[in-house]
1. Compute the semi-axes of the equivalent ellipsoid of the stretch 103-164, taking the square root of 5 times each eigenvalue of the Cα gyration tensor, and list them largest first in whole Å.
2. If r is the Cβ-Cβ distance from D123 to E205 and R0 is 45 Å, what FRET efficiency results, to the nearest 0.05?
3. Before anything else, pin down the relative contact order of the stretch 42-127: Cα pairs under 8 Å, at least 6 apart, normalised by residue count, whole percent.
4. Which number comes out as Rg/Rh for the stretch 141-241 once both Rg and the Kirkwood Rh are worked out on C-alpha atoms?
5. For M43, list long-range residues whose amide hydrogen, built 1.01 Å from N in the peptide plane, is under 5 Å from its own amide hydrogen.
6. Amide H to amide H under 5 Å from M82: which residues, 5+ apart in sequence or cross-chain, H placed 1.01 Å off N in plane?
7. HN-Hα J couplings of the stretch 164-171 from phi, Karplus 6.51/-1.76/1.60, θ = phi - 60°, integer Hz, Gly and Pro as x?
8. What is the set of long-range amide H partners of S142 at a cut-off below 5 Å, with H atoms built 1.01 Å from backbone N?
Amino acid sequence: MLLRLPTSVSEAQTCLAEGAVPIGGATLVWATWQRDGFPEQAMSLRELPEANVLGRQTVGGAVVLHRIDDRVPDVLRLAAAMVGTGAVRRTATVGGNLVGSTLRCLLPAALVLDARATVLESDGLQETDMAELVAKRPVLVSLRWRTPLASSYRKLAGETGGPPPLVVASAVHADNSGNRLRVAVRDGHEVLSGSVRCTTATDAEETLHSLSETALGDLPASAWHAVHAQVTGLLGDHSTE
């Protein structure tokens, strides 16, 4: 297998046009390739500058998870820190997790940040939202977002051999009409999200009631309990800042 390492967007476009298979850290595809056979050529974005950015409001698709630190919001930092083992995090990439994995551990965090994705297509770089990124699975170059006022993340303990652990992510954003709370939950392999207006902890129950009228209202009781606890804590912490 020939591994191609483009250093420019135009070179990456050429690799795709010539049939190179995009890979992240290859943590998920390696075993499959060993079983079914390797492609003739693959492409990694680890040498592409646009895919290696890391800052307060952006992260590249080729950034390995162990590099994600307190430059990014807490919700994304904690999500990355809880993926797999240290060895996995030193190899797995943001793009591989969001596009190549069925678990998509970073997706709830990206959703509550209201992140936008820059992706590589045959005609160059394009911007899209997270829904289209998950549905079409293009080559992820980077994510960008607006810094939230506060954010939180929790991954519950899972059972060995059972479904993926429950994940709850949340963030409070400022917008033109006041503050907005975004919550996303991974329940099994399904990710649900909702967004409502909010102010402070004094109206947490009202905020939660509004949240229950979004797609999150379909969550089982145990998952909703985790949402309730996180939202109450997040709004309470934010009201004291």
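Values quoted throughout were computed directly from the atomic coordinates according to the rules given, and no laboratory measurement underlies them. Being a predicted model, the structure only gives us computed values, none of them experimental. So basically every Cβ, Gly included, is an ideal-geometry build from the backbone, and we count neighbours across all protein chains shown.
1. Equivalent-ellipsoid dimensions as semi-axes: 26, 17, 7 Å.
2. Working: r = 49 Å, r/R0 = 1.09.
After rounding to 0.05, the efficiency reads 0.35.
3. Values: 100 pairs, mean separation 17.5, N = 86.
It comes to 20 percent, rounded to a whole number.
4. Numbers: Rg = 13.8 Å, Rh = 14.1 Å.
Rg/Rh for the stretch 141-241 comes to 0.98.
5. Those qualifying (amide H under 5 Å, at least 5 residues apart or on another chain) are R4, V21, I23.
6. Those lying under 5 Å, H to H, from M82: there are none.
7. Values per residue, Gly and Pro as x: x, x, 5, 10, 10, 10, 8, 7 Hz.
8. Long-range HN contacts for S142: G61, T118.
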